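**Student:** My structure is below; once you've seen it, I'll send some questions.
The values are calculated or read from the model by the stated rules, or taken from the named source; none is laboratory data. Please read these numbers as outputs of a predicted model, since none were measured by experiment. Note that each Cβ is placed from the backbone with ideal geometry, even for glycine, and that neighbours are counted across all protein chains shown.
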Amino acid sequence: MCPPETPTDFIRTIIQEDLASGKHQSIVTRFPPEPNGFLHVGHAKAICLDFGVAEEFGGRCHLRFDDTNPSKEEQLYADAIQEDIRWLGFDWGEHLYHASDYFEQLFEWACHLIREGHAYVDEQTAEEMRANRGDLNHPGVDSPYRNRPREESMDLFLRMRAGEFEDGAKVLRARIDMASPNLTMRDPAIYRIQHSPHPRTGDQWCIYPMYDFAHGQSDAIEKITHSLCTLEFENHRPLYDWFLEHLPVPAKPRQYEFSRLNLSYTITSKRKLKMLVDGGHVNGWDDPRMPTLCGMRRRGFTPQSIRALCREVGVTRTEGTVDFALLQSLLREELNETAERRMAVLNPVKVIVENWPQGKVEMVTAKNHPSDPLRGSREVPFGGELWIERDDFRIEAPRKFFRLKPGAEVRFKYAYYLTCTGYETDADGEVTEIRCTYDPESKGGNTEDGRKVKGTIHWVHAPSAAAAEMRLYDHLFREPNPEEGGDFLQNLNPDSLKVVSAWVEPDLAQWPAKKAVQMERLGYFCLDPDSSGEHLVFNRTVALRDSWAKLEKKIQQGSAGT
């Protein structure tokens, strides 16, 4: 792959101007995940931007877990998030933080808002608050507790902290504007009661700050200069700024929004991904059909390909959906250069070489990479019993079918020319065996008479081949927009996973984990963690056909003709 160009976008332009003007001496960004699930490919764009701009401009990026909802948070998720970020090629160094580090300070700032008349304790039910909030066409209705005395709200808030009240009995709300056209500004909740042990603070707290309150104030504590968020947080920016203006914070960061990464045939809602897992529609969070980074890693996607996708789509404020084929194309481009080649047969039928010396096994030399001699070569066994792909043989074939058929001669890659002399079928007409003869003078595709054949097929030596389970993946959803029709579960693709038994070259039995391999003519594969010494399992990462490149070519041809 060509070395990536340094990207240019509106975020980087803002940062350049802020540094040039002296507004900031250095850049501090942060990636602030909630540890309540696994990261998905949509998060990759935010990670690449948060860490990428800090790297480019000589600043630093914090990893901060916004761990303010203990009922949904687990250390498992926090550990997985760190693994995913490192896998993408980024590191936060010593700058690992948690919103829970600031719970005492956040509590003090909530008290400050109460004392200043900017917050009050509300005792309405969740349903009442929802009904009184209004909508885009109707202003909200003031809570009956909105004007309660500050002293009373402070007393109740302290008692909330002391654990006197049940979950949901009371909330602390900011007093802003119940008639605001921005619904986020209609007296949002700041603290709620939740008697749940926290993964880090245990039972020390039974009230927890809401995300909107904790997020911006945590940014201020860490002196973040550029708080980068996706566009769904644009309506939250006035609230972000309101808190900063009404609190004695040590810094006033600025929030900027960019469009999120949306891929076709993919959903990136944590809630819906959890539904897939809990409903048994996939085999866990790291199922290779999932858009989680751990699932994509297991399938064989590389961090380089995902970073290349993020560079390709760029950073804009325009929402859109990127064709999944673009990511596949970028991955193929990378793996075409880096992956060694091996042979495997996924739908086997046996070939008997009739004139092959009985019991003889010959080693033929095969290149590990067709265009990189530094990758060297390997010796592959060849003999009188071979496996080939069933699709590489036709009893009755069209004129331009250049593979094996009765009377036709083809090249068995790296080995000899073979001519089909006959075949056997079962009672259903299914071919069970193909008979051939070989030309001993054609090794490596060279003959004294200089003849050439149009067809070349791959194969494996039947007695030496290793058995393997091949998992072939397609899109998890049938529709480019899985939400089409309203219920994404109705659009699940029943053929998203096919498992076939295959035969592979002997050395694939010791193939390294996490190393990609191109099974010639079949696609790029990687070893699955389910593999063991007795049971090989390979995941097909991506097929060889590049539909994105073909689409681009058609577009270019169409443009040239207009």
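**Student:** Going through segment 249-272 one residue at a time, which ones are in contact with a His (Cβ under 7 Å, 6 or more places away or on another chain) and over 14 Å from residue 224 (Cβ atoms)?
**Tutor:** Scanning segment 249-272 gives 265, 268.
**Student:** If we keep just the residues of segment 3-17 that are at pLDDT below 95 and among the polar types (S, T, N, Q), which is farthest from residue 308 (Cα to Cα)?
**Tutor:** Among them, the one singled out is 8.
**Student:** Among the residues of segment 336-353, is there at least one that is free of Cβ contacts under 8 Å to residues at least 40 places away in the same chain, outside any helix (DSSP H, G or I) and among the hydrophobic types (A, V, I, L, M, F, W, C)?
**Tutor:** Within segment 336-353 (the criterion being free of Cβ contacts under 8 Å to residues at least 40 places away in the same chain, outside any helix (DSSP H, G or I) and among the hydrophobic types (A, V, I, L, M, F, W, C)), the answer is no, since none of the residues qualifies.
**Student:** Go through 372, 323 for me and flag whichever is within 30 Å of residue 490 (Cβ to Cβ) and surrounded by fewer than 22 Cβ atoms within 10 Å (Cβ to Cβ).
**Tutor:** Testing whether each residue is within 30 Å of residue 490 (Cβ to Cβ) and surrounded by fewer than 22 Cβ atoms within 10 Å (Cβ to Cβ) leaves just 323.
**Student:** Restricting to segment 287-311, name every residue that is under 18 Å from residue 515 (Cα atoms), touching a strand residue (DSSP E or B) at 6+ places or on another chain (Cβ under 8 Å) and not small (Gly, Ala, Ser).
**Tutor:** If the condition is that a residue be under 18 Å from residue 515 (Cα atoms), touching a strand residue (DSSP E or B) at 6+ places or on another chain (Cβ under 8 Å) and not small (Gly, Ala, Ser), then 288, 293, 298, 299, 301 are the ones that fit.
**Student:** Can you name the residue in segment 427-455 that is assigned to a loop (DSSP other than H, G, I, E, B) and in contact with a strand residue (DSSP E or B) (Cβ under 6 Å, 6 or more places away or on another chain) and is also modelled with the highest pLDDT among such residues?
**Tutor:** 439
**Student:** Go through (1) part of a strand (DSSP E or B); (2) loosely packed, with under 15 Cβ neighbours inside 10 Å; (3) in contact (Cβ under 8 Å) with a residue 40 or more places away in the chain and name the single condition residue 424 misses.
**Tutor:** (3)
**Student:** Whether any residue in segment 151-163 is in contact (Cβ under 8 Å) with a residue 40 or more places away in the chain, outside any helix (DSSP H, G or I) and surrounded by fewer than 16 Cβ atoms within 10 Å (Cβ to Cβ) is what I want to check.
**Tutor:** yes
**Student:** Run residue 47 past the list (1) within 18 Å of residue 217 (Cα to Cα); (2) under 17 Å from the mean Cα position of the chain (by Cα); (3) of a type in the set (Val, Ile, Thr) and report the number of the one that doesn't hold.
**Tutor:** Tallying (1) within 18 Å of residue 217 (Cα to Cα); (2) under 17 Å from the mean Cα position of the chain (by Cα); (3) of a type in the set (Val, Ile, Thr), residue 47 fails exactly one: (1).
**Student:** What are the residues in segment 503-541 that are of a type in the set (D, E, K, R) and under 24 Å from residue 379 (Cβ atoms), if any?
**Tutor:** Across segment 503-541, the qualifying residues are 505, 507, 515, 520, 521.
**Student:** Do we find that residue 331 is over 30 Å from residue 386 (Cα atoms), crowded, with 19+ Cβ neighbours inside 10 Å and not acidic (Asp, Glu) in this structure?
**Tutor:** So residue 331 passes the test.
**Student:** Same structure again: Please enumerate the residues belonging to segment 257-286 that are in contact with a helix residue (DSSP H, G or I) (Cβ under 6 Å, 6 or more places away or on another chain) and hydroxyl-bearing (Ser, Thr, Tyr).
**Tutor:** 259, 264, 265, 268
**Student:** Here's another thing I want to ask about it. So residue 71 ticks every box in (1) within 30 Å of residue 202 (Cα to Cα); (2) part of a helix (DSSP H, G or I); (3) modelled with pLDDT of 95 or more but one. Which box is left unticked?
**Tutor:** (3)
**Student:** Among the residues of segment 229-270, what is the count of those that are in a helix (DSSP H, G or I) and without any contact (Cβ under 8 Å) to a residue 12 or more places away in the chain?
**Tutor:** 1
**Student:** Scan segment 114-140 for residues that are in a helix (DSSP H, G or I) and closer than 16 Å to residue 161 by Cα and report the count.
**Tutor:** Within segment 114-140, residues that are in a helix (DSSP H, G or I) and closer than 16 Å to residue 161 by Cα number 1.
**Student:** Conditions first: (1) closer than 28 Å to residue 430 by Cβ; (2) touching a helix residue (DSSP H, G or I) at 6+ places or on another chain (Cβ under 9 Å). Residue 389 passes all but one, so which condition is the exception?
**Tutor:** The number of the failed condition is (2).
**Student:** Another question, if that's okay. Output yes when any residue across segment 410-418 is within 44 Å of the chain's Cα centre (by Cα) and loosely packed, with under 13 Cβ neighbours inside 10 Å, and no when none is.
**Tutor:** No; the residues of segment 410-418 include none that is within 44 Å of the chain's Cα centre (by Cα) and loosely packed, with under 13 Cβ neighbours inside 10 Å.
**Student:** Same structure, new question: Only one of 29, 13 is among the hydroxyl-bearing types (Ser, Thr, Tyr) and touching a helix residue (DSSP H, G or I) at 6+ places or on another chain (Cβ under 8 Å); which?
**Tutor:** Going through 29, 13 in turn, the sole match is 29.
**Student:** Quick one: which of 24, 43 is more than 28 Å from residue 203 (Cβ to Cβ), in a loop (DSSP other than H, G, I, E, B), of a type outside the set (A, V, I, L, M) and in contact (Cβ under 8 Å) with a residue 60 or more places away in the chain?
**Tutor:** Only one candidate qualifies: 24.
**Student:** Let me confirm something: among 266, 292, 318, which residue is among the hydroxyl-bearing types (Ser, Thr, Tyr) and surrounded by fewer than 17 Cβ atoms within 10 Å (Cβ to Cβ)?
**Tutor:** Only one candidate qualifies: 318.
**Student:** Only one of (1) part of a helix (DSSP H, G or I); (2) in contact with a strand residue (DSSP E or B) (Cβ under 7 Å, 6 or more places away or on another chain); (3) hydrophobic (A, V, I, L, M, F, W, C) is not met by residue 224, so which one is it?
**Tutor:** (1)
**Student:** Ok, one more. Quick one: which of 428, 474 is assigned by TED's automatic domain parsing to the domain that holds residue 279 and either among the charged types (D, E, K, R) or in contact with a helix residue (DSSP H, G or I) (Cβ under 9 Å, 6 or more places away or on another chain) (or both)?
**Tutor:** Just one listed residue meets the conditions, 474.
**Student:** Further question on the same structure: State all residues of segment 54-88 that are crowded, with 19+ Cβ neighbours inside 10 Å and either within 20 Å of the chain's Cα centre (by Cα) or under 19 Å from residue 304 (Cβ atoms) (or both); if no residue qualifies, say none.
**Tutor:** Within segment 54-88, 63, 65, 77, 78, 80, 81, 84, 85, 88 meet the criteria.
**Student:** Still on this structure: Applying the selection to segment 310-329, what residues are in a helix (DSSP H, G or I) and either assigned by TED's automatic domain parsing to the domain that holds residue 229 or in contact (Cβ under 8 Å) with a residue 60 or more places away in the chain (or both)?
**Tutor:** 310, 311, 313, 324, 325, 326, 327, 328, 329
**Student:** If only one of 154, 185, 178 is closer than 26 Å to residue 32 by Cα and assigned by TED's automatic domain parsing to the domain that holds residue 247, which one is it?
**Tutor:** Step by step, each of 154, 185, 178 is checked, and only 185 is closer than 26 Å to residue 32 by Cα and assigned by TED's automatic domain parsing to the domain that holds residue 247.
**Student:** In segment 27-40, is there at least one residue being over 18 Å from residue 292 (Cα atoms) and in a loop (DSSP other than H, G, I, E, B)?
**Tutor:** yes
**Student:** A further question follows. Tell me yes or no: at least one residue of segment 108-115 is modelled with pLDDT of 95 or more and of a type in the set (Lys, Arg).
**Tutor:** So far as segment 108-115 goes, yes, one or more of its residues are modelled with pLDDT of 95 or more and of a type in the set (Lys, Arg).
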